[in-house]
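Structure first, then comments.
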Amino acid sequence: MRRKLTSIVLLFLLPLIAFAQQTAFRGKAPQAVVLNDKFQLSYTINEDATDIRLPQMEAFNILMGPSISRSYNISNINGKVTRETTYTYTYILKSSKIGTFTIAPATISVKGKRIESNKLTIQVIKDNNSTPSSRNSTPNAASGTLSSQELFITNTVSKRSAYKGEPIVLTTKIYTQVNLDGISDKKDPKLPEFLIQELKSGNIAWSVKNINGKTYNVGVFERKLLFPQKTGKITIEPTEIEFTVKKRVARRSTSVFDNFFESNYRLVKQRVKSKPITLTIKPQSGIPPEGFTGGVGDLSMKVTTSKTKLKTNESITFKVVISGTGNHKLITAPKIKFPADFDEFDPTVSNKFKNTVAGMKGTKTFEYLVIPRHPGTYTIPPVKFSFFSPTVGKYKTLSYGPINIEVEKGDGQQQLSNVVSANTRESVKFLGKDIRFLKTGVSKLKPAGTFLFGSLTYYASLITPLLIFILLYFINRKKLKERSNVQLLKTKKANTVARKRLKLSAQYLKSGKKEQFYEEVLRALWGYISDKLSIPASELNRDNIRSILEKSTVNIEVIDAFIEILDTCEFARYAPSSESGEKDRLYNSTLETISKIENQIKR
Amino acid sequence: MRRAISILLALYMLLPVMAQEDQRLEKANELYTTGKFEDASKAYEEILKTGVENPQIYYNLGNSYYKSGLLPQAILNYERGKLLAPQDKDIEYNLELSRSQTIDKLEKVGDFFLSRWVGTLRDKADSDIWAYLSIALFTGVILMLFLFYFSRTAALKKISFFVGILSLFLFIVSFSFSYKQKQKLVNRQYAIIFAPSVTVKSSPDASGTEIFLLHEGTKVKVVDTLGEWRQIELSDGNKGWLNASTIEGI
């Protein structure tokens, strides 16, 4: 009981809680009406009001009204309660003139204030059907089919000629004079040359239109965005729709109730077809510039980087946002030339666009994730994005950058100084090995770039022994030569010594003094040996002369000859006769022997 | 006695010159041992700036860079040290270890086995050692010539002739090796990639087709020069152009 009471109290408090609302007073009427037809004109207001006054209307007669209806609407959105009361004033009008008429604002009084509504424009058209009331009935009702005059569809395009990739709107409209119940079958044209995007449409909004003097209910059935992918003449095949049509059947009723309970309408299936359309798709003129990834339309680009300074093995995100109207769905990621050393992942794409009559509108975002693996300063060349602008008929290029990225050495590679880490290279064979320790021994420092090879010292030390050899060779040769010369001189000298010694004996030989001659020869011989060997003459005699001479390395033959001369002289001194020829011979042999001894003797 | 004193005196006079160098080296070594690798590498660089060098400094500098985490610099200095002392096993080992940590893994084109042998033999010593050897061998040739010329016995002549011919051949080998080793130092053809990563182009032009990607620490042979561009050849025989600023000559 208590709870109920509280809720009732709360219910009464609700209007107080609710926010004060803007007072809105709006009028509503169909855009077009058929002459002499009845139609509704309604005004709505969201507050309690009184005294509605309609303006003067010359083309319309008020048949009925106003009838007032009231509706409540309480909504609770996220705990916020809104309470709405709407009052609707409805009039039934009838048109009486052909033309376009404006209904001036109506006024209403809210809490003593007069409020005006909006203006309304209504077109009144002439209905050429003979009997306006029986518009839905058909002349050939008996056959059960409808003529193409009564129900038909049309396909229209926004333009007949477009560039490849430029959006074209294909609109399918239904024109009908009959009551449509629904659509039972639909056959869309196959459009392999296009990328098709459906444009969102709610319920079919019907309007009245006069075509060739006939009044039709016209509704836009559907709209499609077509992005041509091929060039040349392309024909859009007709669209086929099968409608179910409510058809009044003239039936002879057997009872009054039949008419009352049973419907005198019958559902008839009617298939209608539009006309084919031929389009001309022009190729994009010119050679696509660098950075063209299929974009057509009116686009702009924004590039952002998550950071420009980082450590190795950290990641950076490059964001490229393409915004504007165009064919977003067909745009692929623009290429960013990252340094070859960066680990690069495929860009992630996120779309945020909707289809509009002008094409896709919104943004397409590409996110590139890269991870630099090595330190250094890297420059990423300008990010280029090109697209074709159909309004200008030319390519446009947008560019951003260049972007400089500074990569510092990360913590991961710091350990190299102490221990060989296992992951710096594919195949490290050892773990925990270190470089060998310093060389601490004393060593000589020498000036940089000095070599023994090629230096003067080097060549000198090579040439010196060679020179010594050459020198010694020549000295040796000269000595050999000289040695032979000395022999000759010595003999000569020895001869002169001997001649000198024998000078007196030679005189005696000439004068024929035999005894003096021999005596002088003997004295010369003894004197010579005594002088030569520095032995006093008194110590020399025939017995010891042989051993003395032998000691002095005189040849045995020479010694024999010397002794023979001594003997000959001794003997001849006392011999009675001797020939002078013998004396000459003795003189000569003495001369020769002394010379020989002179050459051979050694002290 | 007097002679001994004078020699000692001369040595003492020379001592300050040698001691200064040693102190600088020792200081840098000490920095390294205490773990101040960056200071150590600076100290070594200072010594090198004075226009002196030896393989040991390059080796130690390479070690300091390696320990500071600068791989390309370490490789560069090991390579320089190796040029000066191709026979040094420690340099070889550390260089190999550093190379194994570079990103680019390159296959080597196999040389003809004979030239590989010759190369291995040549790298057993540096230019100076081969030069000394060549002097010794040449002196030997001359001595054999003496013996051949002045000896009177046939056996000695024969022996000296053959030994002489052999040492002449060895002299020519060591002479050419010494020349080759010097040429390696004088005409330095190789370079190390210093940029963390560099794209090698097909032509000396920024818009050239990108052929392959190289990373820091990779050793390349500079084949040709055109303005700012260098044509490089990889050990697997691939060729391409890159900007001179991305590499550092050994």
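The values are calculated or read from the model by the stated rules, or taken from the named source; none is laboratory data. Note that the coordinates shown come from a computational prediction; the quantities given were computed from them, not determined experimentally. A quick note on method: Cβ atoms are made from the backbone with ideal geometry, for glycine too, and the neighbour counts reach across all protein chains shown.
All of (1) at the interface with another protein chain (Cβ under 10 Å from one of its Cβ atoms); (2) assigned to a helix (DSSP H, G or I) hold for residue B:115 with one exception: (1). Residues of the range B:104-124 that are within 24 Å of residue A:435 (Cβ to Cβ) and at pLDDT 85 or above: B:120, B:123, B:124. Here residue A:145 meets each of (1) assigned to a loop (DSSP other than H, G, I, E, B); (2) at pLDDT 85 or above with one exception, condition (2).
Considering the range A:21-121, the qualifying strands (runs of 3 or more DSSP E), each wholly inside and each with 2 or more residues that are of a type in the set (Lys, Arg) and either outside the structural domain of residue A:219 (by TED's automatic domain parsing) or surrounded by 14 or more Cβ atoms within 10 Å (Cβ to Cβ) (or both), run over A:25-28, A:80-95, A:113-116. Listed by first and then second residue, the pairs linking a residue in the range A:208-220 that is within 15 Å of residue A:172 (Cβ to Cβ) to a residue that is modelled with pLDDT under 80 and of a type in the set (S, T, N, Q), with Cβ atoms under 7 Å apart and 6 or more places separating them unless they lie on different chains, are A:220/A:201. Annotation note: of A:304, A:397, A:332, A:377, the sole residue that is in a loop (DSSP other than H, G, I, E, B) and surrounded by fewer than 16 Cβ atoms within 10 Å (Cβ to Cβ) is A:332. Of all the listed residues (B:146, B:161), the sole one being more than 24 Å from residue A:451 (Cα to Cα), among the aromatic types (Phe, Trp, Tyr), touching a helix residue (DSSP H, G or I) at 6+ places or on another chain (Cβ under 7 Å) and at the interface with chain A (Cβ under 10 Å from one of its Cβ atoms) is B:146. A single entry from B:26, B:53, B:92 fulfils the requirement of being surrounded by fewer than 20 Cβ atoms within 10 Å (Cβ to Cβ), facing chain A (nearest Cβ under 9 Å), without any contact (Cβ under 8 Å) to a residue 60 or more places away in the chain and within 14 Å of the chain's Cα centre (by Cα): B:53.
Here residue B:108 does not qualify as more than 7 Å from chain A (Cβ to nearest Cβ) and under 22 Å from residue B:55 (Cβ atoms).
Candidates A:480, A:462, A:456, A:471: the one that is closer than 30 Å to residue B:185 by Cβ, exposed (fewer than 11 other Cβ atoms within 10 Å of the Cβ) and at pLDDT 80 or above is A:456. The set of residues from the range A:450-489 being outside any helix (DSSP H, G or I) and out of contact with any helix residue (DSSP H, G or I) (no Cβ under 8 Å at 6 or more places or on another chain) comprises A:450, A:455. Tell me which residues, restricted to the range A:307-329, are under 20 Å from the mean Cα position of the chain (by Cα), surrounded by 13 or more Cβ atoms within 10 Å (Cβ to Cβ) and not in a loop (DSSP other than H, G, I, E, B). Correct list: A:310, A:311, A:316, A:317, A:318, A:319, A:320, A:321. For the range A:356-376, the set of residues classified as of a type in the set (S, T, N, Q) and modelled with pLDDT under 85 consists of A:356 only.
Please specify each residue of the range B:95-107 satisfying the condition of being in contact (Cβ under 8 Å) with a residue 60 or more places away in the chain and crowded, with 21+ Cβ neighbours inside 10 Å. Residues satisfying the conditions are B:98, B:102.
For every residue, the table says whether it meets (1) within 30 Å of residue A:341 (Cα to Cα); (2) part of a loop (DSSP other than H, G, I, E, B); (3) touching a strand residue (DSSP E or B) at 6+ places or on another chain (Cβ under 8 Å).
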{"site": "B:110", "(1), (2), (3)": "yes, yes, no"}
{"site": "B:120", "(1), (2), (3)": "no, no, no"}
{"site": "B:138", "(1), (2), (3)": "no, no, no"}
{"site": "B:143", "(1), (2), (3)": "no, no, no"}
{"site": "B:158", "(1), (2), (3)": "no, no, no"}
{"site": "B:165", "(1), (2), (3)": "no, no, no"}
{"site": "B:169", "(1), (2), (3)": "no, no, no"}
{"site": "B:192", "(1), (2), (3)": "yes, no, yes"}
{"site": "B:200", "(1), (2), (3)": "yes, no, yes"}
